[in-house]
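One structure is given here, and the rest of the page talks about it.
The values are calculated or read from the model by the stated rules, or taken from the named source; none is laboratory data. This is a predicted model, so every value here is computed, not measured. Cβ sites come from the backbone with ideal geometry, for glycine too, and all protein chains shown count toward neighbours.
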Amino acid sequence: MTTNNGLLLIDKGSGLTSHDVVAKVRRILGERKVGHAGTLDPMATGLLVLAVGPSTRLLRFAQSESKRYCGTVTFGVATDSLDADGAVLDVQPVPALTSLAVTAAASSMLGVQRQTPPMVSAIQIDGQRLHELARKGIEVERASREISVGFFDVAPTDDPSVWTFDVECSVGTYVRVLLSDLAQRLGTIGHLSSLRRLSSGAHHVDGALTIEELANAVERGDDVLAPPSTFVVSLEHVTLSEDEQRRMRMGQRLTLDESFDGLEVAAMDDTGGLVGILARRDESWQPQLVLPADQDSVRG
């Protein structure tokens, strides 16, 4: 049976916005409360992490996870959006690129660094989204942000101007900026020509459903949602007694017998269900988020 609270992994098709996916999922599940973590541009495919019902309050744990992508970069062509959806700005001959040179350039971009967001993006400055300003021909100064690249592998294809890539990066990284910067380091121009998100934290696209598969599964009466606890697998966990659960639901602070390294801990019941999130307050723990007691009830 389909429940009304939990995590849903969708394999987004090309041409859909992340908002399009949310709207379709709302209709399929008959559930108004649906949100997503980590926007994918329309041209991109792959993993979109969604929360349904009360679990939308847990989305921040998915939004902060590192992401892994694969795709292609096309050298010799620059676009205004830095990807294949943009208008072509410049075309240049592609210099002879060796695997050794490209690998070295990609390796030089590993680790913590600063990245400036592109003008064609959803970031807001003074209440206006950058892509709206870009369409008017207005370019504004953007503050750089700290990102981190874990690995960045690039390989040639039969087309000397098209290379494949596999990259793991922190939240907030613009892959199209990363590839444009790579092109510059190689003495040329380039743009992101295809992109697929493979994973977000512990969640992988192999476990995701397409919109069509989701609709068919719901029609069959399959359980399509993972439990809310799936959002907090990276957090330290504590199992509460029934009395501690009652006190937590009343908003009372708890003193835990166990010691924890982090500032937050996932509070579980004895069946492994997520009660909520506790935040460290000196020597005690304050309820920060509490899920409804009937979180695993079946949608009517």
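Residue 188 versus (1) among the hydroxyl-bearing types (Ser, Thr, Tyr); (2) under 21 Å from the mean Cα position of the chain (by Cα); (3) closer than 21 Å to residue 113 by Cβ: which is the lone unmet condition?
Checking residue 188 against (1) among the hydroxyl-bearing types (Ser, Thr, Tyr); (2) under 21 Å from the mean Cα position of the chain (by Cα); (3) closer than 21 Å to residue 113 by Cβ, the one that fails is (2).
Take the residues in region 66-119 that are within 20 Å of the chain's Cα centre (by Cα) and of a type in the set (Val, Ile, Thr); name whichever of them is surrounded by the most Cβ atoms within 10 Å (Cβ to Cβ).
Looking at residues that are within 20 Å of the chain's Cα centre (by Cα) and of a type in the set (Val, Ile, Thr), I get 72.
Among the helices (runs of 4 or more DSSP H) confined wholly to region 143-260, which include 1 or more residues that are outside the structural domain of residue 278 (by TED's automatic domain parsing) and at pLDDT 95 or above? Steps first, please.
Values: elements: 175-185, 211-220, 242-249.
Of the helices (runs of 4 or more DSSP H) lying wholly inside region 143-260, those with at least 1 residues that are outside the structural domain of residue 278 (by TED's automatic domain parsing) and at pLDDT 95 or above span 175-185, 211-220.
Which is closer than 30 Å to residue 173 by Cα and either of a type in the set (A, V, I, L, M, F, W, C) or surrounded by 13 or more Cβ atoms within 10 Å (Cβ to Cβ) (or both), of 240, 289, 274, 254?
Unique residue meeting the criteria: 289.
Quick grid of which residues meet (1) within 30 Å of residue 4 (Cα to Cα); (2) among the hydrophobic types (A, V, I, L, M, F, W, C):
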| position | (1), (2) |
| --- | --- |
| 60 | yes, no |
| 66 | yes, no |
| 70 | no, yes |
| 73 | no, yes |
| 76 | no, no |
| 82 | no, yes |
| 96 | no, yes |
| 103 | no, no |
| 113 | no, no |
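Which pairs do you get when a residue that is among the aromatic types (Phe, Trp, Tyr), found in region 76-105, comes within reach of a residue that is surrounded by 11 or more Cβ atoms within 10 Å (Cβ to Cβ) and at pLDDT below 95, reach meaning Cβ atoms under 6 angstrom, with the pair 6+ apart or on two chains?
From region 76-105, no pairs qualify.
Looking at 40, 47, 58 in this structure, which one is of a type in the set (A, V, I, L, M), touching a His at 6+ places or on another chain (Cβ under 7 Å) and surrounded by 22 or more Cβ atoms within 10 Å (Cβ to Cβ)? Lay out the reasoning, then the answer.
On the way: 40 fails: touching a His at 6+ places or on another chain (Cβ under 7 Å); 58 fails: touching a His at 6+ places or on another chain (Cβ under 7 Å).
Only one candidate qualifies: 47.
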